[in-house]
1. Distances longer than 27 Å among the Cα atoms of region 175-314: what percent of all pairs is that?
2. Hey, can you rank 132-139, 210-217, 422-429 by average C-beta count inside 10 Å, highest first?
3. Bins of 5 Å, beginning at zero and ending with the bin holding the largest distance: percent of Cα pairs per bin for region 341-455, please.
4. Using a 1.4 angstrom probe with every protein chain in place, what is the largest-first accessible-area order of 170, 328?
5. Please sort by residue number the trypsin sites (Lys or Arg not before Pro) in region 208-295 whose DSSP state is loop and whose Cβ has at most 16 other Cβ atoms within 10 Å.
6. Can you show me the helix-derived [θ] at 222 nm for the chain, built from DSSP H runs with n ≥ 4 at -39,500 (n - 2.57) apiece and divided by the number of residues, rounded to the nearest 500.
7. Of all accessible surface on the chain at a 1.4 Å probe, what whole percent is carbon and sulfur?
8. For the chain, return all DSSP H helices satisfying: extent of Cα atoms along own axis at least 15 Å; mean Kyte-Doolittle hydropathy at least -0.5.
Amino acid sequence: MELKRQLGLYTGILIIVADMIGTGIFMTTGNVLGMTGDARLVLILWGLGGLVALTGSLCYAELSTTWPDVGGEYVYLKKIFGKLPAFLTGWVSLVVGFSAPVAASSLLLIQYVNNFAQTVTGTESEAAGLLSGLWTQKGIAAALVLFFGVLHIVGVRRGGYFQNFLTVLKIILVMALIGFGFAMVDWENAGRLTQRYGTTESGPGLPVTGLALLIIMFAYSGWNGAAYIAGEVKNPEKNLPRIMLYGTLITTVFYILLNMVFILAAPGEAIIGRDEIGAIAAKALFGPNISGFFTLGIAVVLLSAISAQIMVGPRVYYAMARDGMIFKSLSEVHPRFETPALAICIQIAFTVLYIFTGSAMTLVIYMGFALNVFPVMTVIGLMIMRRREPGLSRPYRVPLYPVVPLIYVTLSIGMMAAALMNWTTTSLFAMAVLALGVPVFFIWRRFSGAEASAK
């Protein structure tokens, strides 16, 4: 039975914007400013990140309108390159794609709660002291992940209602931060938008700039989300490209405006190298009393990201397992709760492992490297298909071809090269996880072939 096409243009745009806005915008700016030492460059990089997401989304729009009923990156890779790359994208989704972002979001959430506790009770209070401990933060983050895991195992309806509630709050909060932020900011500090920090006159250099862009791209993850709902969009040939284009553009504008608020709100020295950039900016803008509301609001946004990825991730594994592109056991449904309980439990296990073995920023770079590989392969595959099957029906074609896909591929490969140069160990570990999927694929294929013949 085919999915019902019930999502219109505006609903699709809202889904993409809500999916993209999450953890990244509330944790990366302080770190990027610390790396580059240049506020103007930070804003430029956020705009460049929007360009990367936009060029990628236009390429995915061509693929998703060519195969509108089978949306999803792994299907494109299977059609273009075969089963191994398709399996590997599922493998990386399983061990990295959803688990690492959930771990990073959980760790950041506790930092925001800690900042709220310090604002309300003082930095010397017992509550603030308890939440400041590294292993306490990790323990609470792990407990939070376990809670959401149980919530989504018990029932999709309960989890879905809660997720919709958090999504609405997220959009309201982002718009409130932008609106009240520009109203309350001291415009005499407008020079902060172009201020440089440190003593280096030549700038950070291309490797550091590339790594900074990779970190920023974590905030843009989700730009390809429309590919996964292609089978449910009305008039996909016309609406899917618009959904991807407008969703990415709106998110980019939101991100640049939020970053202007963050940079204007507090002196650079107060935010450089800090994860909880939103809490620092809110405190500087609104004072300790009102800022607590925004800090808790950002925590709600992070809750939304955690809940969404714990809910969506296992269902991606479930769909891939049903299609025979990953371990069949992941398609099992709990007999009582009718949810992919095993897939949820596996994702939770990886998430807790990441929480206790890495920091939020290390996880961002790790997953940024690992998750860039297959979108790059997909866009390269689009160009291969243009040459291999020029007569294939393509209701939508990438504009300015081949410039648009080449921009995406060049910038993405440059970011990964920069990560390999600057964070070598983390990047090599991401490559090792990816490479491990190759022998797992052949073991899995042999097992699944034996299983099929047994039947």
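The values are calculated or read from the model by the stated rules, or taken from the named source; none is laboratory data. Fair warning: this is a prediction, and the values are worked out from it, not measured in the lab. Don't worry about glycine lacking a Cβ; one is built from the backbone with ideal geometry, like all the others, and counts go over all protein chains shown. Surface areas here come from the heavy atoms of the whole protein model, side chains and all, with no ligands, DNA or RNA. Shrake-Rupley method; radii C 1.70, N 1.55, O 1.52, S 1.80 Å.
1. When every Cα pair of region 175-314 is considered, 36 percent fall beyond 27 Å.
2. 210-217, 422-429, 132-139
3. Reading the bins upward from 0: 2, 9, 13, 15, 15, 14, 13, 12, 7, 2, 0.
4. From most accessible down to least: 328, 170.
5. Details: sites: 234, 238, 242, 274, 283; in loops: 234, 274.
Counting only loop positions with at most 16 other Cβ atoms within 10 Å, the trypsin sites (Lys or Arg not before Pro) in region 208-295 are 234.
6. -25500 deg cm²/dmol
7. Working: 12610 of 19200 Å².
Summing carbon and sulfur atoms, their accessible area is 66 percent of the total for the chain.
8. Numbers: long enough: 9-20 (17 Å, 1.92); 39-66 (41 Å, 1.27); 99-121 (33 Å, 0.77); 134-154 (30 Å, 1.66); 156-184 (40 Å, 1.26); 206-220 (21 Å, 2.18); 236-265 (43 Å, 1.11); 277-322 (52 Å, 1.23); 341-357 (24 Å, 2.18); 360-388 (42 Å, 1.32); 403-422 (28 Å, 1.79); 424-454 (45 Å, 1.04).
What comes out of the filter, once short or polar helices are dropped, is 9-20, 39-66, 99-121, 134-154, 156-184, 206-220, 236-265, 277-322, 341-357, 360-388, 403-422, 424-454.
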